[in-house]
1. Can you tell me which of (1) open to solvent by 20 Å² or more (accessible area, probe 1.4 Å); (2) within 20 Å of the chain's Cα centre (by Cα) is the one LEU191 doesn't meet?
2. Being of a type in the set (S, T, N, Q) and touching a helix residue (DSSP H, G or I) at 6+ places or on another chain (Cβ under 6 Å) is the filter; apply it to region 202-243 and report the residue that is surrounded by the fewest Cβ atoms within 10 Å (Cβ to Cβ).
3. Just to verify a result, which residue in region 60-82, among those that are part of a loop (DSSP other than H, G, I, E, B) and within 16 Å of the ligand (Cβ to nearest atom), is most open to solvent (accessible area, probe 1.4 Å)?
4. Being buried (at least 22 other Cβ atoms within 10 Å of the Cβ), without any contact (Cβ under 8 Å) to a residue 60 or more places away in the chain and assigned by TED's automatic domain parsing to the domain that holds LEU14: is that true of SER104 here?
5. Residues that are farther than 24 Å from LYS63 by Cα and within 16 Å of the ligand (Cβ to nearest atom): list the helices (runs of 4 or more DSSP H) wholly contained in region 83-161 that include at least 3 such residues.
6. If I filter region 225-251 down to residues being outside any helix (DSSP H, G or I), over 15 Å from the mean Cα position of the chain (by Cα) and among the hydrophobic types (A, V, I, L, M, F, W, C), which single residue comes out as farthest from VAL52 (Cα to Cα)?
7. Just one of (1) closer than 23 Å to GLU128 by Cβ; (2) within 16 Å of the ligand (Cβ to nearest atom); (3) part of a strand (DSSP E or B); (4) not acidic (Asp, Glu) trips up VAL47, so point out which.
8. Within region 167-174, does at least one residue satisfy the condition of being of a type in the set (Phe, Trp, Tyr) and farther than 19 Å from TYR249 by Cβ?
Amino acid sequence: MYNIRKISEELYYLGSDDIRLELFENIHPIQKGVSYNSYLLLDEKTVLLDTVDSSKGKEFLEKIKVVLNGRDLDYLIVHHVEPDHGAMIGEVVTLYPNIKVIASKQAFVFIKQFGANIKEENMIVVKEGDKISFGKHEFTFVGAPMVHWPEALVSYESTTKTLFSADAFGTFGCLYGKLYDDDFNIELELLEEMRKYYTNIVGKFGVQVQTLLKKASGLDIKMICPLHGPIWRTNLSLLLDKYNKWSKYEPEENGVLIVYASMYGNTEKGAITLANKLKEKGLANLAVYDVSKTDVSTLIAETFKYSHLVLASPTYNMGVFPIMHNYLEDMKALNVQNKIVGIIENGTWACKAGDEMIKIIKEMKNMIVLEEKVKIVSSLNEKSEQEIESLMDSILKTL
Ligand code: FEO
């Protein structure tokens, strides 16, 4: 049947691609869509691992029926209740009234809050280290609080050495038939979507991701089945390395990200002058964005990637340009750390943008603001061009 894939003799993929969703969580643009993954195990017992978003609910229920092929559904494991995975819990429980639901204690509270009714006798509460066998396959449950909600669990199946990782190791982008990581050119097709997903969805919770990575390092993992994006079976070390860097807030690359705001093009000229000078000096790794033309989720992903960040903003209402302000606040909310930051400010009178940006930057951990601040007074002149030269020198020295 449409989009049912066999992962092993007993394990099936029942997920769906969603290309029609414009904004994930109604906030993050996803031009390449997203997949909602769910898995069904046919052992001595039948076990459904998570559900999908309600937009794919009808086809999901049909797929379950097809794979079960007349058998009853014995268990549902809920790793994460957020509605992109938990929306169909109520329907599944209604359709299969004998089903036992396995989840964390807090997950059952959330399931009820979202309106699904599960009878007390059908609830199996699991906690860190609990094991349940369904025949040949034995699952060990591992707490993953705040990856990315507090109730989240992951589970490790020891026969196939598979980690069912919930939101962890997820990726934006439709699968379109490419089920495994090795179906993709990771650099060209996956990495940007991985980074965008991680930084914007899980980015805030680096400490908790580090805890999960430490737990995972004690397991012999051959395959990772997340709730979004491909199943990982080949490039596990690349995946773990990226997650390790992102969750430690370490830059992936030495390079410069310039993000500017500009009302009439004068601050933009300052930013582009710096970009040109850096390139003239041979800097290989440079990215430049206009904050008014780029969604903040893209800026956040790029911010996690680079070692150096240059922010250029005009003064607006005696403060930072509002869209730049929003980007800075998002950086703070997502715990961005460990950057070397250059500042370009502009003001025709009462120039405040620089000090305001520095104030917000200083509220983040381990951010070094370069002393060589550039001050543009309305438009570039000899003095501000000289300041750009000094900022360039300082950036190149610290790269
Ligand atoms: Fe994919 Fe936190 O839900």
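1. (1)
2. GLN210
3. From region 60-82, those part of a loop (DSSP other than H, G, I, E, B) are 69-74, 78-82; that's our starting set.
Now narrow it down to the ones that are within 16 Å of the ligand (Cβ to nearest atom): 78-82.
Numbers: VAL78: 3, HIS79: 3, HIS80: 1, VAL81: 5, GLU82: 21 Å².
The qualifying residue most open to solvent (accessible area, probe 1.4 Å) is GLU82.
4. yes
5. By residue number, 105-113.
6. TRP232
7. (2)
8. Applying the first criterion (of a type in the set (Phe, Trp, Tyr)) to region 167-174 yields 169, 172.
Add one more test, that the residue is farther than 19 Å from TYR249 by Cβ, and what stays is 172.
Yes, that holds for at least one residue.
The values are calculated or read from the model by the stated rules, or taken from the named source; none is laboratory data. Since this is a predicted model, take the numbers as computed values, not measurements. Glycine gets a Cβ as well: all are built from the backbone with ideal geometry, and neighbour counts include every protein chain shown. Accessible surface is based on the protein model in full, side chains and every heavy atom, while ligands, DNA and RNA are left aside. Shrake-Rupley method; radii C 1.70, N 1.55, O 1.52, S 1.80 Å.
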